[in-house]
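Undergrad: Pasting a structure here, questions to come.
Throughout, read-outs are computed from the coordinates displayed, never taken from laboratory work. Note that the structure is predicted; figures quoted are calculated from it, not measured. Using ideal geometry, Cβ is built from the backbone for each residue, glycine included, and neighbour counts are taken over all protein chains shown.
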Amino acid sequence: MSIQNWKLPTIEEGKPTMYNWVVQNKENLTLGSYTDIGAFTYINAKYGITIEEYVQIGSHCSLYSVSTIDNKEGPIILKKNCRIGTHSVIMPGVTIGENSVIGAFSFINTCIPPDVIAFGVPAKIIRELSDEEKKKYRDDLI
């Protein structure tokens, strides 16, 4: 799918979209334009999930605004142009900053600032994006 042909997908409660990702509590999901969400991703938006424009989420990711294991709850915010690697898990109350990149198979249970690369279990900031990388990521949006 090219960005020029992007259309807001039809989202039905608990049913796979045409791209094979699923949302529970869809009334609490805000989905920005030009997002790319991979197949088999699960989104539980009970306490709110905002996915801003140009966000990329790899396949098999899980976004939980509520956790029944430790009784945490809170909104998740994925800021503009952040990228989430495949098989990553994002827990309640987390914001991932603009342009940040999360490596595959990461567990994100704390907020990640803008313009960084983070990964791991739990995810840790590895480094800031270089000026060249920041420019490239922003130019990719044009």
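Undergrad: Most exposed first by the Cβ proxy, i.e. fewest other Cβ within 10 Å, how do Leu8, Leu29 rank?
TA: Result, fewest neighbours first: Leu8, Leu29.
Undergrad: Whose amide H sits under 5 Å from the amide H of Ala123, counting only residues 5 or more places off or on another chain, with H placed in the peptide plane?
TA: Excluding prolines and chain starts, which carry no amide H, the hits are Phe107, Ile108, Asn109.
Undergrad: Would you work out the relative contact order for the chain, in percent, from Cα pairs under 8 angstrom that are 6 or more residues apart?
TA: 14 percent
Undergrad: How many percent of DSSP beta bridges within the stretch 48-142 run antiparallel, rounded to 5?
TA: In the stretch 48-142, DSSP labels about 30 percent of beta bridges as antiparallel.
Undergrad: Related question: Only helical DSSP H runs with n ≥ 4 go in: add -39500 (n - 2.57) per run for the chain, normalise by residue count and round the 222 nm mean residue ellipticity to 500 deg cm²/dmol. Before the final figure, lay out the partial values.
TA: Numbers: 1 runs with 9 residues, N = 142.
Mean residue ellipticity, 222 nm, calculated: -2000 deg cm²/dmol.
Undergrad: Could you count how many Lys pairs in the stretch 3-139 have their Cα atoms under 14 Å apart, skipping same-chain pairs fewer than 8 positions apart?
TA: Values: Lys15/Lys26; Lys26/Lys46; Lys46/Lys72; Lys80/Lys134.
Counting lysine pairs in the stretch 3-139 gives 4.
Undergrad: Now, a different point. Would you please give the residues with an amide H less than 5 Å from that of Ile112, counting only those at least 5 places away or on a separate chain, with H modeled from the backbone geometry?
TA: Correct list: Thr95, Ile96, Gly97.
Undergrad: Now for a separate question. Scan the chain and report its longest stretch carrying no GluC sites (Glu not before Pro) that are both in a DSSP loop and have at most 16 other Cβ atoms within 10 Å.
TA: My reading of the result: 54-142 is the longest stretch.
Undergrad: I'd like the Karplus ³J(HN,Hα) series for the stretch 12-18: coefficients 6.51, -1.76, 1.60, θ = phi - 60°, whole numbers in Hz, and an x wherever there's a Gly or Pro.
TA: 10, 3, x, 10, x, 6, 5
Undergrad: Which length gain, in nm to one decimal place, applies between Val121 and His87 when the Cα-Cα distance is subtracted from 0.36 nm times their residue separation?
TA: Here the segment from Val121 to His87 would lengthen by 11.1 nm.
Undergrad: Between (1) 15.0; (2) 15.6; (3) 17.4, which matches Kirkwood radius over Cα pairs in Å calculated for the structure shown?
TA: Of the labelled values, this structure produces (1).
Undergrad: Sorted from fewest to most neighbouring beta carbons within 10 Å, what does the list Asp70, Asp115, Asp36 look like? Please list the in-between numbers first.
TA: Values: Asp70 9, Asp115 18, Asp36 14.
In increasing order of surrounding Cβ atoms, one gets Asp70, Asp36, Asp115.
Undergrad: Would you mind checking which residues have amide H under 5 Å from Ser62's amide H? H placed 1.01 Å from N; only 5 or more apart, or other chain.
TA: Close amide H contacts, sequence-distant or interchain: Tyr42, Ser88, Val89, Ile90.
Undergrad: Separate question: Counting other beta carbons within 10 Å of each residue's own, what order do Trp6, Trp21 fall into, fewest first? Mind showing how you got there, number by number?
TA: Numbers: Trp6 13, Trp21 21.
Arranged by neighbour count, lowest to highest, Trp6, Trp21 become Trp6, Trp21.
Undergrad: Let me know the shape class of the stretch 1-73, please: from the alpha-carbon gyration tensor, a ≥ b ≥ c as square roots of the eigenvalues, rounded when a/c is under 1.5, otherwise prolate if a/b is greater than b/c, or oblate. It would help to have the intermediate numbers written out before the result.
TA: Values: a/c = 1.92, a/b = 1.80, b/c = 1.06.
Verdict is prolate for the stretch 1-73.
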